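A short worksheet on the structure shown next.
The values are calculated or read from the model by the stated rules, or taken from the named source; none is laboratory data. Quick caveat, the model's predicted, so the values are computed rather than measured. Positions of Cβ are generated from backbone atoms using ideal geometry, with glycine treated the same way; all protein chains shown enter the neighbour counts. For accessibility, only protein heavy atoms count, side chains too; no ligands or nucleic acids. Shrake-Rupley method; radii C 1.70, N 1.55, O 1.52, S 1.80 Å.
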Amino acid sequence: MRDYILRGTDKLKNFRFFGVNTTHIANIAREYHDTTPVVSAALGRLLSGASMMGAMLKNDTDRVSISIRGDGPIKGLIAEADAFGNVKGYAYEPHVDIPLNAYGKLDVSGAIGNAAMTVMKDIGLKEPYTGQIAMPSGEIAEDLTYYFATSEQTNSVVILGVLVDVDYSIKHSGGIIIQVLPDAKDEAISRLEDKISTFISLTAYLEEGKTIEEIIQVLLEDIDIAEKREIEFKCDCSKERMERALITLGKDDLEEIASDEQTELVCHFCNSKYMFSQTEIKDLIQKVL
């Protein structure tokens, strides 16, 4: 199993957890967008977080998107996931190169800057659920922890990690979310807090050869895995979707576009290109009349 997501609880039902390995997904994103190491790290973290939040959704048709807008050189990031944990994403500026931080690590926080995070869930209602926070750290994991506490009133631990290799490929990428269940015992919460306080990093454990589930066991000891399945970088773009996007522009903009012999639209998520002839654009104009 290349990339996968899993969910379960500890045996005493104090916590529920989600874990994800997104190494191949992060590499696909890097190849699609030609990201520099700091952007690869930021986007890989967000893809892992979005994938796990997708797996929290109840219905197969539900979707979640996480968008970040900041004043740092990346400017913003977007990741979207379905209810199976499949995910896609991109960075507004993929070619950011800034110095390492004070700890000699890729400076994700510095690349994002002062930022806001918006979580949107399409769960079949007339309007999607939307929650927004000012990001306190810019490191993404801590910000998602803060989001869960403030917007969903759920005490959570979010751990995300991306290790970029010397050739700029992604050596490891993954994440873990642990959430406190309503009947959790105080002593169990205290034990988890102690373990989190000495937890080095997700990628350090992955470098040792541990799997995501083994790392969760380090934190929660005895666990029950309810489900484990493969996930992928999955973009659902199509020419039909691009047509619908063009129609939303309205008659005046479409008439301006129709002056060109051909119009090319590019998907932000996977860089797929869709060509529209002058005749096709004129046909779309008739649909909006």
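So how many residues does segment 263-289 have that are in a helix (DSSP H, G or I), open to solvent by 40 Å² or more (accessible area, probe 1.4 Å) and not polar (S, T, N, Q)?
Selection size over segment 263-289: 5.
Restricting to segment 1-32, and then to whatever is in a helix (DSSP H, G or I) and charged (D, E, K, R), can you tell me which residue is least open to solvent (accessible area, probe 1.4 Å)?
Arg30
Listed here are the residues, each with its yes/no results for (1) of a type in the set (Lys, Arg); (2) more than 19 Å from the chain's Cα centre (by Cα); (3) under 13 Å from Val39 (Cα atoms).
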| residue | (1), (2), (3) |
| --- | --- |
| Gly89 | no, no, yes |
| Asp97 | no, yes, yes |
| Pro128 | no, no, no |
| Ser137 | no, no, no |
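Can you tell me which residue in segment 258-289 is nearest to the chain's Cα centre (by Cα), limited to those that are of a type in the set (A, V, I, L, M) and within 30 Å of Leu47 (Cβ to Cβ)?
So the residue we want is Val266.
Give the residue that is surrounded by the fewest Cβ atoms within 10 Å (Cβ to Cβ), with candidates limited to residues of segment 188-246 that are charged (D, E, K, R) and within 30 Å of Ser277 (Cα to Cα).
Among those that are charged (D, E, K, R) and within 30 Å of Ser277 (Cα to Cα), it is Glu240.
Which members of segment 43-78 meet the condition of being β-branched (Val, Ile, Thr) and open to solvent by 10 Å² or more (accessible area, probe 1.4 Å)?
Selection gives Thr61, Ile78.
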